[in-house]
Amino acid sequence: MKTVFTLALAIGSLLLPSCVVYMPMQCAAPQITDKKQGEITASTYFNSRFDLAANYSPVRHLLVRAAYSNLRDSGRDSTYYRGHQYEFGAGTYWPLGNRWLVGGLGGFGQAHSMAGFRRTNILFPSSRYDYDARYNKVFGELYGTFQASEAVSFGAAYRVTQVNFTTLTDRTTPVDLNQMTRSEPMVYFRVRLGDGPTESRPVQLQASWGTSATFGYDVADRNTYYPAGVRDLKQSRGYTTIGITLFPHCLFRKAQPTGEGR
């Protein structure tokens, strides 16, 4: 795991988020394979931000999800980036043999985020930006996981998020952007801790890498006019997370009497 953690830090340095006000949440991609299974995941983004998510399957092939994300002030002096959000979702999962798990889910959420920075120009005076955004979102996600061994799995997920701004200002001045649709792929590597079969191991570690980009926006396109601030808000960003997942049903199962001696 030391090698995986080092690799995550190295890639993370290449995917540090740019100062845009939209905060993508990592894809869900639950590791649930049967009814009455649940998982609780805590993740960090290397920038004072953390996610807490719970997934549960009340009946076979059905899952429900709740997640919360919070970013404390990650900047210094006049540069800052902070916010919080939540999401709820529901979906399905389908094990394909002993190796593959595929699924999909959709949901909605709300967020409030703020970003402030100063952009210095060589030929012109520097400009100050202070974005404040509240937005609703709806999303759809597909994922697939390959179980390489009892301990190791890896996979990919793809999420599309529709962002609808209810309030969006730059230094209290409204910004002319009502909505945007984001393309958000993610890959992940997981290690299940414990002994025995995968389904009996109660703890999992995960490293993931993802990006978020606005459909129809080309950062190199200088011929298209965008209102003030819109280029900042639509730009792409990447993220890296390290997380730990607890599977309560594994602990509960181990606590059951074996029936020996009866």
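General remarks:
- Residue in the stretch 151-165 that is in contact with a helix residue (DSSP H, G or I) (Cβ under 7 Å, 6 or more places away or on another chain) and closer than 20 Å to residue 245 by Cβ present: no
- Failed item, numbered, when residue 101 is tested on (1) at pLDDT below 90; (2) surrounded by 13 or more Cβ atoms within 10 Å (Cβ to Cβ): (1)
- When 93, 80, 86 are checked against the criterion of being under 25 Å from residue 153 (Cα atoms) and among the hydroxyl-bearing types (Ser, Thr, Tyr), 93 stands alone in meeting it.
Yes/no per residue for (1) surrounded by 14 or more Cβ atoms within 10 Å (Cβ to Cβ); (2) part of a loop (DSSP other than H, G, I, E, B); (3) at pLDDT below 90:
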| site | (1), (2), (3) |
| --- | --- |
| 7 | yes, no, yes |
| 12 | yes, no, yes |
| 32 | yes, yes, no |
| 43 | yes, no, no |
| 50 | yes, no, no |
| 53 | yes, no, no |
| 59 | no, yes, no |
| 66 | yes, no, no |
| 69 | yes, no, no |
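- Of everything in the stretch 228-262 that is in a loop (DSSP other than H, G, I, E, B) and surrounded by 11 or more Cβ atoms within 10 Å (Cβ to Cβ), the residue that is modelled with the lowest pLDDT is 228.
- Of the candidates 109, 104, the single residue that is under 22 Å from residue 155 (Cα atoms), assigned to a strand (DSSP E or B) and touching a residue at least 12 places away in the same chain (Cβ under 8 Å) is 104.
- Residue 120 at pLDDT 95 or above, loosely packed, with under 12 Cβ neighbours inside 10 Å and over 20 Å from residue 55 (Cβ atoms): no
The values are calculated or read from the model by the stated rules, or taken from the named source; none is laboratory data. Computed from a predicted structure; not experimentally measured. A quick note on method: Cβ atoms are made from the backbone with ideal geometry, for glycine too, and the neighbour counts reach across all protein chains shown.
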